[in-house]
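Every read-out reported here was derived from the displayed coordinates using simple, explicitly stated rules and does not represent laboratory data. All figures in this text were calculated on a predicted structure; none of them were measured in a lab. Cβ coordinates were reconstructed from backbone atoms using ideal geometry, including for glycine residues, and neighbour counts include every protein chain displayed.
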Amino acid sequence: MLPAADIASLQTELAAIGAQMGATIKLDLTSDVTHLIVGNINSAKYRYVAKSREDVKVLAPQWLEALRADWMMGTDDVDVAALERRWKLPTFYGLKICLTGFDDRTRTTTSEFTRLTKCSGPAKVYTGNGYAEWR
C-alpha cells in the first residue's frame, strides 16, 4: 500500500489527467458520477458503489492512463468501452479466500467456485502454505 502522501499525489495526478480530457472531477459520489477510479477497495465510496450503484463503472487507475495514451496518439475513435472492459475491477478483486473441508460430494461446488473466480479476475487464495493469487 502506498503512503498517504503518495496516494494524495496520485489522486491529484489522475484528476488532472481526467480534467485535461474534459471529464468533470467530483470529490463527492453524486448521482451523476459515471466512473469510480479505485486505488483501494477499502473505502466507503467503493463499498457504496458495489452495493447500490450498478450504473457506476468501477475501474483501476490504469484505465485513465490507457485512455489518455490513446487520446494523446490522436486516435479519432478511442474505444472507451473496450478500455473499460479491460480495466474494470474484477468482482473478487482484493479478496482473500480460503476453502477447506470439501469432499467428493462438494467437488462440483468447488469446481464451480474455481470457474467463477477465474472469470472474475484474480483473488488471493489460502493454499495452506500462505496466500497465492488465483486467476
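Per residue of the range 17-34, in order, report the coupling 6.51 cos²θ - 1.76 cosθ + 1.60 (Karplus, θ = phi - 60°) as ³J(HN,Hα) in whole Hz, putting x for Gly and Pro.
Per-residue couplings from phi come out as 4, x, 5, 4, 8, x, 6, 8, 8, 10, 8, 9, 8, 8, 5, 9, 6, 10 Hz.
Amide H to amide H under 5 Å from His35: which residues, 5+ apart in sequence or cross-chain, H placed 1.01 Å off N in plane?
HN-HN under 5 Å from His35: Lys57.
What is the sum of charges, Lys and Arg at +1 and Asp and Glu at -1, for the other residues whose Cβ falls under 11 Å from the Cβ of Val33?
Details: positive: Lys26, Lys45, Arg53, Lys57; negative: Asp28, Asp32, Asp55.
Net of charged neighbours comes to +1.
What ranking do Ser52, Ser43 get, fewest neighbouring Cβ atoms within 10 angstrom at the top?
Ser52, Ser43
Please give me the summed charge of the neighbours of Ala50: other residues whose Cβ is under 14 Å from its Cβ, Lys and Arg +1, Asp and Glu -1.
Numbers: positive: Lys45, Arg47, Lys51, Arg53, Lys57, Lys88; negative: Glu54, Asp55.
Taking every other residue near Ala50 into account, the sum is +4.
Quick query: amide H of Leu95 versus all other amide H atoms, modeled in the peptide plane; which residues come in under 5 Å with a sequence gap of 5 or more or a different chain?
Lys124
Towards the positive end of the charge dipole of the range 1-71, with charges on Cβ (+1 Lys, Arg; -1 Asp, Glu), say which of Gly18, Val58, Ser43 has the farthest Cα.
Sorting the options by dipole projection puts first Ser43.
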